[in-house]
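As structure tokens, the structure follows; a few thoughts come after it.
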Amino acid sequence: MTMALSIPFLPPVGKPGAPLDMPVVYFDDFVTSGYEASSASKFSQAADTADWHLQQTGTATHALSVDGVSSVVIGTSASDNDLTECQLCGEAFALAAGKTLIWEMRFHIEDVTATDWFVGMAITDTSMLAACSDYIGFGNTADAADIYAINGKDDTGEIADGPTASAGQTLTDTGIDLVNNTYVTVRVEVSGTSKARFYVDGALKATHTTNLPDNEAMTPSFGIRCTGAAEKITVDYVLATIDR
């Protein structure tokens, strides 16, 4: 990787013989990878046979990067509204009083004005971009460069259908735009079930206190949808951690 990653928690401490207060942690640097249509691999179209489950319209492309960064490149085929959605199998992250959830991801998109996208935490859904009801993260499904900070609870619209929030959704334009093939680091810190802070490249850009998805367990998720040409998202790493 080209940047230092500061894991946002301290080693657990306690009295000798006492249970350690270990957080739940998921981290993937995508040093190794693999894609299979139906059998076990890191990414698979068959649910629960791999680390990540893929939902696809069209045929996905998949490769490790060759840019000197340990990252994975996942794309779509070329028809309008072809998509690839990736969700980590299992839902191990649920907002709760007294717990802090932290999610972070570094990524870039090939053509930001021809791609709908979402990155963050979401419930498992077979139509994540179009119809996911409970989520928190960043995205834009208007084929534009704006980065929206978004979260939804029992949302009835698309996952990132700005610039106007749908029912059940809270949305803020961060004022930062994606740039083609240029890495950005996005991060969400959620305090209990009451407040979410959204960061872009280390700067706080939004704070949300409404429509936090506090009645569902979620999993790290990302997805892209094209508008008539094959598009790609390159993911450097994904981090998620929550107090146990």
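Just to verify a result, which residue in the range 123-141, among those that are of a type in the set (A, V, I, L, M) and in contact with a Pro (Cβ under 8 Å, 6 or more places away or on another chain), is most open to solvent (accessible area, probe 1.4 Å)? The residue in question is I123. Being under 21 Å from E85 (Cβ atoms) and more than 13 Å from the chain's Cα centre (by Cα): is that true of A149 here? Taking the combined requirement at face value, the residue does not satisfy it. Among residues of the range 158-184 being within 14 Å of D116 (Cα to Cα) and free of Cβ contacts under 8 Å to residues at least 60 places away in the same chain, the one that is surrounded by the most Cβ atoms within 10 Å (Cβ to Cβ) is I159. Which ones in the range 185-200 are within 15 Å of the chain's Cα centre (by Cα), open to solvent by 10 Å² or more (accessible area, probe 1.4 Å) and not charged (D, E, K, R)? Hits for the range 185-200 are T185, Y199.
Count of the range 142-157 residues, restricted to those that are part of a loop (DSSP other than H, G, I, E, B) and crowded, with 21+ Cβ neighbours inside 10 Å, is 1.
The condition of being of a type in the set (V, I, T), without any contact (Cβ under 8 Å) to a residue 40 or more places away in the chain and open to solvent by 40 Å² or more (accessible area, probe 1.4 Å) holds for only one of T113, T100, that being T113.
Scanning the range 201-219 for residues that are part of a strand (DSSP E or B) and in contact (Cβ under 8 Å) with a residue 60 or more places away in the chain, we see that the one that is surrounded by the fewest Cβ atoms within 10 Å (Cβ to Cβ) is A217. Restricting F43, F93 to those that are over 17 Å from A230 (Cα atoms) and modelled with pLDDT of 90 or more reduces the list to F93.
Taking the range 41-75 as the range and being under 18 Å from the mean Cα position of the chain (by Cα) and in a strand (DSSP E or B) as the test, the residues that pass are F43, S44, W52, H53, L54, Q55, Q56, H62, V72, V73, I74, G75. Summed over the range 180-200, residues that are under 17 Å from I242 (Cα atoms), polar (S, T, N, Q) and assigned to a loop (DSSP other than H, G, I, E, B) total 2.
The values are calculated or read from the model by the stated rules, or taken from the named source; none is laboratory data. Owing to the predicted nature of the structure, the values given are computational and were not obtained by experimental measurement. Positions of Cβ are generated from backbone atoms using ideal geometry, with glycine treated the same way; all protein chains shown enter the neighbour counts. The area values use the complete protein model at the heavy-atom level, side chains included, leaving out ligands, DNA and RNA. Shrake-Rupley method; radii C 1.70, N 1.55, O 1.52, S 1.80 Å.
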